[in-house]
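First the structure, in the form of structure tokens, and then the observations on it.
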Amino acid sequence: MPILHVNDVDLSVAIEGKGPPLLFLHGLGASGRVWSKEVESFKPYFTTIAIDARGHGESARPAHYTLDDHIDDAAGVLDVLGLTDARVIGSSMGSYVAQGLAARYPARIHSLVLIVPKCHGETSSSARLIAEHADEFKGMTHDEQQEYLLKLSFGPYASEPMQAAWISEERRFPLTPPEWDSAATALAGFDLRPMLPRINANTLVISGRYDRLNTVQDGQECASLISDVEFVEMKRSGHFPNVEEPKLYITLLHEFLAGW
């Protein structure tokens, strides 16, 4: 994948298709590769841009960075590529980046999809869930903890093969324990709520009924602070509606983006 030098960091960015820009922002511990199915579905209609966030995937992994850095990086990628009027899809951590991007640069964002979002947090959602299940995580290696965390994040309808396939995809570029700590620490103590009323992009918020990382209530709170918004609760999903209800999920995205 191409490497773009943005804000003094090398970012791996996959660009495919042709048409209006569609930016994909992944979650904590993952990489831009997790968007492969969405990219295949949308590249006939859009120029798809999937970033490996700093600290993730094949991008540079500095020891210290913040959510603001992720937001600046997303804006910087658009700058380097000379893009405006972007559609943006962000999942989990990527939804925090997307919210910040759309709030800081409202004139540059055409429409916005926030998948399993929250808009503030004292810690990363992963750190909170690990703390809540501390006894279960005790004695596990780092890799075992990461896999178990992902399993906890699915809803009750996700089959074992479904979970295994997605865990493999999420962990294609695993983080070392120090890299994971840096990535999670970047999401500690953020609060986007004062910024969200600045968003003027048409926005779709998707939450999973059984999501234990970012709950339906978290998604509803985000939606309540954005003026032009549609909220959808996916009733058979946890934190990964793209995997748990893939047909409904991709239909929602296509219908929303086709309308804007």
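Every number here is computed from the coordinates shown, using simple stated rules; none is lab data. Everything numeric in this text was worked out from a predicted model, so none of it was measured. In this analysis, Cβ positions are derived from the backbone assuming ideal geometry, glycine residues included, and neighbour counts consider all displayed protein chains.
Quick notes on this one:
- GluC sites (Glu not before Pro) within the stretch 81-181: DSSP coil, no more than 11 neighbouring Cβ in 10 Å: Glu122
- Leu204 long-range amide H proximity, modeled H, under 5 Å: Leu112, Val113, Leu114, Glu230
- Residues Thr215, Thr66, sorted so that the one with the fewest Cβ neighbours within 10 Å comes first: Thr66, Thr215
- Spatial separation of Cα centroids for the stretch 52-111 and the stretch 204-260, in angstrom: 20 Å
- The count of lysine pairs in the chain that are at least 8 places apart or cross chains, and whose C-alpha atoms lie under 27 Å apart, stands at 15.
- Shape category assigned to the stretch 95-191 from the gyration tensor of Cα positions, a/c cut at 1.5: prolate
- Under 5 Å between amide hydrogens, built in the peptide plane, is the criterion, and for Arg236 it picks out Arg209 among residues at least 5 positions away or on other chains.
- Counting beta carbons within 10 Å around each of Ser59, Ser159 and listing the fewest first gives the order Ser159, Ser59.
- In terms of other Cβ atoms within 10 Å, Ile3, Ile51, Ile167 run from fewest to most in the order Ile3, Ile167, Ile51.
- DSSP beta bridges in the chain [antiparallel fraction, %, rounded to 5]: 30 percent
- Cα shape, the stretch 141-260, gyration tensor, a/c 1.5 rule: oblate
- Shape class of the stretch 27-89 from the alpha-carbon gyration tensor: oblate, with a/c at 1.5 or above and b/c at least as large as a/b.
- When the helices of the chain are scored as -39500 (n - 2.57) per DSSP H run of n ≥ 4 and the total is divided over every residue, the value at 222 nm lands at -11500 deg cm²/dmol.
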